[in-house]
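One structure below.
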Amino acid sequence: MGKIIQKRVLIPKRVTEMTIKAPVIASKARPGNFVVLRLSMKGERIPLTIADADPEKGHIVIVYLIMGKTTALLDTMKEGDVILDLCGPLGRPTSIKKQGTVACVGGGTGIAALHHIAKGNFQAGNKVVSVIGARSKDLLLFKPELEKISHEVLVSTDDGSVGHKGVVTEVLEEYLDRDPDVKEVIGVGPVPMMRSVARVAQPYGIRTLVSLNSIMVDGIGMCGSCRVNVGGEIRFACVEGPEFEASQVDFDELMMRLQAFKSQEKESMELFEK
Ligand code: NAD
Ligand code: FES
């Protein structure tokens, strides 16, 4: 349990994929679930979405953006090394039913997390339209994997190096204009993107979900660190989410809470880099 089977650099110095031996987690993991991992006895716990799971091999796949001390430390680990603590699958799985066309919207590293959800929708017999965006062509993840399970993959890049020049929600809006049969939209990515997904989809009256990346510690509903404001109520993303109805989410509060430990995170990263 926790042994790194394969490590693949997806974007040098930025995004890495790890396949990890975790038979119990792999046998239970559903799209939308995540794991919480810890690398040392005094280390912080971080949540990472399960990007894929193979119950037969007993493997799960995680994809992480190297953005702080823990992910930088994780990135020093090699194939054969063992992750100290790996807890999961956590969170409520995505509620997937056969319903027709589902637009799966992913931004940046969020595309990796979106992949498992898109795959689950494909396996349920839905028509998956993947709408993915990154800052540039080199930062676009999982396009070939999504092509295998999607009816269409629509792409945007901020710099126009591939696909539509602009943000991913512009492509979503254009798609929703031309396809009246979309039954559900699901967005995974940076908070400003998810807020924009909520805003763009609302006029169409389509059920729209976003997967919230709030700070988590225990991941099992005890510490309260993952609390988010949804529809004016405090909800714990780890046990009641991470997916919530997009129009109900207070994105400003989420953004503020994500900044809560920025100075400590910066200091910790600087010490790590010394
Ligand atoms: P990024 O900042 O490079 O943005 C990726 C794409 O998102 C952009 O190219 C654009 O198309 C879209 N986007 C960004 N801001 C937008 C806006 N205001 N309106 C519309 N579209 C917008 O993304 P990144 O640096 O790869 O993202 C990392 C962030 O994603 C981290 O904060 C991470 O926590 C988060 N993330 C979230 C999840 C999740 O479960 N929600 C999973 C993985 C990563
Ligand atoms: Fe502790 Fe959700 S992470 S309550």
### Task
Write down the Å³ per residue value for the convex hull defined by the alpha carbon atoms of the chain.
126 Å³
### Query
Based on DSSP H runs of at least 4 residues, each adding -39500 (n - 2.57), what is the mean residue ellipticity at 222 nm of the chain after dividing by all its residues, to the nearest 500 deg cm²/dmol?
-8000 deg cm²/dmol
## Note on the structure
Extension length gain for Gln123 and Val82 (0.36 nm per residue less Cα distance), in nm, is 11.6 nm
### Task
With a 1.4 Å probe and every protein chain left in place, tell me how much accessible area Phe261 has, in Å² to the nearest 10.
100 Å²
### Task
With a 1.4 Å probe and all protein chains in place, put Lys98, Lys21 in order of accessible area, largest first.
Lys98, Lys21
### Query
What size of dipole, in debye to the nearest 20, comes out for the stretch 101-258 about its Cα centre when the only charges are +1 on Lys and Arg C-beta atoms and -1 on Asp and Glu C-beta atoms?
220 debye
### Task
Quote to one decimal, in nm, the extra length available between Glu270 and Asp218 on full extension: 0.36 nm per residue of separation minus the C-alpha distance between them.
16.2 nm
### Query
When the accessible area of the stretch 4-90 is split by element with a 1.4 Å probe, what percent falls to carbon and sulfur?
53 percent
### Query
Mean shadow of the stretch 4-90, computed from the convex hull of its alpha carbons, in nm²?
5.1 nm²
#### Entry: Restraint check, Lys13/Lys42; Lys28/Lys119; Lys21/Lys78; Lys28/Lys78; Lys78/Lys137, Cα-Cα greater than 19 Å
Lys13/Lys42; Lys28/Lys78; Lys78/Lys137
### Summary
Per residue, accessible area of the chain with a 1.4 Å probe, heavy atoms of protein chains only, in Å², comes to 48 Å²
### Query
Tell me, what % of the accessible area of the stretch 101-258 is carbon and sulfur with a 1.4 angstrom probe?
51 percent
#### Entry: Rough spin-label spacing in nm, given labels placed 7 Å along Cα→Cβ, for Lys98 and Leu73
4.7 nm
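The values are calculated or read from the model by the stated rules, or taken from the named source; none is laboratory data. Everything quoted here is computed from the prediction, not taken from an experiment. Heads up, the Cβs are rebuilt from the backbone with ideal geometry, glycines too, and the neighbour counts pull from every protein chain shown. SASA here: full protein model, heavy atoms, side chains in, ligands and nucleic acids out. Shrake-Rupley method; radii C 1.70, N 1.55, O 1.52, S 1.80 Å.
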